[in-house]
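Structure first, commentary second.
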């Protein structure tokens, strides 16, 4: 009995399920979705378990048929709440529904929630990405599908090729072409038509034509795709020849074929030819079709037959906005603005609102002909009186004016008109005004507009941030960016990109990279522009760890690694001294250009691998690549930076023999080498070349390098001459001269020059005060030194660094103010550096302060245990005080630490060669006698001048000999 009741219960459930499913199916067939949804709503919970995927499937297919998105959403919600596990067929249909209704997010959610997928599932998802314009994601989904073991079919390949067309990714399209051949679909007509279309849209008409020629069977879509490809790429003659071939082969043109071929006749500008092709259109019955009709109107407008275009316009059925715009553009090109106004009114009566393209053709022509903005707004007012909506039109109108207007007077006139006419100065309109003022550099006016907005939307914030960022006020842009976030307005990727670009433009790469990192950590999705903006920073970067992270980020985000990106990373790895990575990147570039070669040569040269750089330089020539001035400069500067001055000059002469002219960077890269080696003759040669070549001192970079070279070679007279005749001096020019005077013992000249710098309203920096404080130290001007040191932060806003504190210790120490020195060091906000303690140790030697010397040496041993100079100075201090046991202790300490005093060296330039003097020099005996005689003569001359020889360096000699 129990078994019978159970069986009856099951049978009743089956009958209920069949009855409900049949009822829902019947309603879906009749398109009565609302009734079906009401039944689903009132289905009791006990009956919901009877529902299956087959029950819902007819309803979803009905929603697809009628594009009933709202009903589809509700049915999807009911499926989710009923607790059934939809099968793959139902899920595929749900994806089709959401895709056809343009909801990519819901399509993706269904796809990602699928436990099992088939080829149709992948096709639906890739199609949804294509339809939404996300070509990159469509193609990456195709690649994922291949990896999980599916193969594309003749339905999917056209979608994948469409994604390649959207990205203009020819390489990817060629890979898909190879897949098509391997899969055996090269005979499928739809697939091959899509392939021709892909090649044409990627600009490769050669491969498109080869594919076309290989097709045994062609339809009208094949011919049309090839014709449109020729037309779009500007190959009008080939398009006409192909069109004639098509007509002779008996293929009747479609409306798309004719619409594709008509632009060629439009470009020819021949009214007679236009009439002939028009006759062909009439014969084929497409004259009144809107796409062909619009193309005919455009053709006649460009051929001087606008009257014929007007007749066609009047006969075109179902005119769309494009057709109206074409006619309006024709009248605007002929300066018939009264007709333009009429057509705008008629267009509005026809239920069509002007769009961006409408205003493009009107406003650009208005402004090109010098018509004032006031007249343009008179036209706008007339249109508003006819009932056109102000909000939409104003936004489009202002966008176009922003692109066209460059005169500040016109912008101010527009601004006044907006105020007088009672336009609501909302966030969108304000954004346009801010962009206009930004173009003209009137930042105050832009800020005033921004401040007037009560409710600031994101686009308004972005406009004002861009205004300051692109006018070299990056810090102000960052301040506004932070203010925006404080108001709980979340920035978008454009906001981040704008701030980063501002710092890149002003050369503040560190801050740009910090903001880029913060953007990444904020979970903001980066776009291709983000990577394009940060690219200049990569080439200047010198931190290996962060550089590798950026490299990985580029690869993870599927950025196109073109030659520009490769070159930037080669430069970066060269700066980080990671030459293995730089060489690997260089070798991975298939098509190396001059920029790539220059990057690897520069990386090798500046890291001291001169032989490898020279070998690569010759390989570049062997590869048929001509070396340009950048290549030669890399070699010249490489040799110069590594002390190979003669070799550097050799390449400098060779590049001139090659017919190239050295630029300012070439010259400036050689001067520091002359300064370091104190080879004045080479420096003078460069100076002569600067004068002969006409460079003179217009390039401040070269002029500063020249001054620095003369200063370091001891020729302050030459340095001062160059400095005085500079037409413009920057802070580096002043700093170089101030430090030069200071180093050469001309403290008064250094301080006088600093005063002149302030009179000329040049703001000093930290380097300036190092030179000023050094000058005070050499002259023993304690009060003057204190005055300048205290003014750094209080007047100029410069926070003193370790170098400035070391200069003050040197100043106080050499005057014997050791108690002040001790208090000064204890009150320092910074950790004392080795240079500071070294300056104090030197002062202790001058004044014989053994106690302070020992205190100082304790710190120096911690910071510089291997510096022999510190031990030598302490040894001399002990020796001067007669503490010989301590001298021996210092010698033992040096031995214990493995420290050896290197022999001193000095050199002098004689003629064209540099002679070095050391204790170990193997001079000939007669030369030694001559040198000793000259030294004795110099000593006698010093005594006659009143100088007292310093003879208290026996501790140094003893330590030096013993070590």
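Points worth noting:
- Förster radius 51 Å - calculated FRET efficiency between residue 88 and residue 315 (Cβ-Cβ, nearest 0.05): 0.50
- The range 263-326 - Rg over Rh from alpha carbon coordinates, Kirkwood radius: 0.93
- Gyration tensor (Cα) of the range 170-240, equivalent ellipsoid semi-axes in angstrom: 20, 14, 8
- Normalised by the number of residues in the chain, the average gap of Cα pairs under 8 Å and 6 or more apart makes the relative contact order 3 percent.
- The alpha carbon convex hull volume per residue for the range 218-318 rounds to 87 Å³.
- Pairwise FRET efficiency - residue 717 versus residue 689, Cβ, R0 = 25 Å, nearest 0.05: 0.80
- Radius of gyration, Dmax [the range 561-664; alpha carbons; angstrom]: 13.0, 39
- Computed extension gain for residue 823 through residue 518, at 0.36 nm per residue and net of the alpha carbon distance, reaches 105.6 nm.
- The range 218-318: relative contact order in percent, alpha carbon pairs under 8 Å with at least 6 residues between: 24 percent
- 18 Å reach of a label modelled at residue 793, 7 Å along Cα-to-Cβ, counting backbone N of the range 828-854: 828-833
- Among (1) 40.0; (2) 42.2; (3) 63.3, the entry derived from the coordinates for mean projected area of the Cα convex hull in nm²: (3)
- Against the chain, whose longest principal axis comes from its Cα atoms, helix 290-302 is set at around 60 degrees.
- Theoretical ellipticity at 222 nm over the chain - DSSP helices of four or more residues, -39500 (n - 2.57) apiece, nearest 500: -23000 deg cm²/dmol
- With the convex hull drawn around the C-alpha atoms of the range 653-797, the volume per residue stands at 103 Å³.
- Working ranking of peptides 151-164, 505-518 by packing, defined as the average number of other Cβ atoms within 10 Å per residue, highest first, is 151-164, 505-518.
- Ordering of 872-879, 491-498, 185-192, 620-627 by packing is 872-879, 491-498, 185-192, 620-627, highest average first (other Cβ atoms within 10 Å, averaged per residue).
- For a paramagnetic label modelled on residue 273 (point 7 Å from Cα along Cα→Cβ), amide N atoms under 20 Å away belong, within the range 221-246, to 224, 226-246.
- Theoretical gain in end-to-end length, residue 508 to residue 174 [0.36 nm per residue, Cα-Cα removed]: 116.1 nm
- Each residue, residue 932 and residue 944, gets one label point 7 Å from its Cα in the Cβ direction; the gap between the two is 2.2 nm.
- C-alpha long axis of helix 680-692 to longest principal axis of the chain, angle in °: 50 degrees
- Along each principal axis, taking the top coordinate minus the bottom one, the Cα set of the range 117-214 gives 38, 27, 19 Å in descending order.
- Ranked by how many other beta carbons lie within 10 Å on average, peptides 720-726, 345-351, 604-610 from highest: 604-610, 720-726, 345-351
- Degrees, to the nearest 10: 119-131 long Cα axis against longest axis of the chain: 70 degrees
Just so you know, all these numbers are worked out from the coordinates, no wet-lab data involved. Note that this is a predicted model, so its numbers are computed, not measured. Using ideal geometry, Cβ is built from the backbone for each residue, glycine included, and neighbour counts are taken over all protein chains shown.
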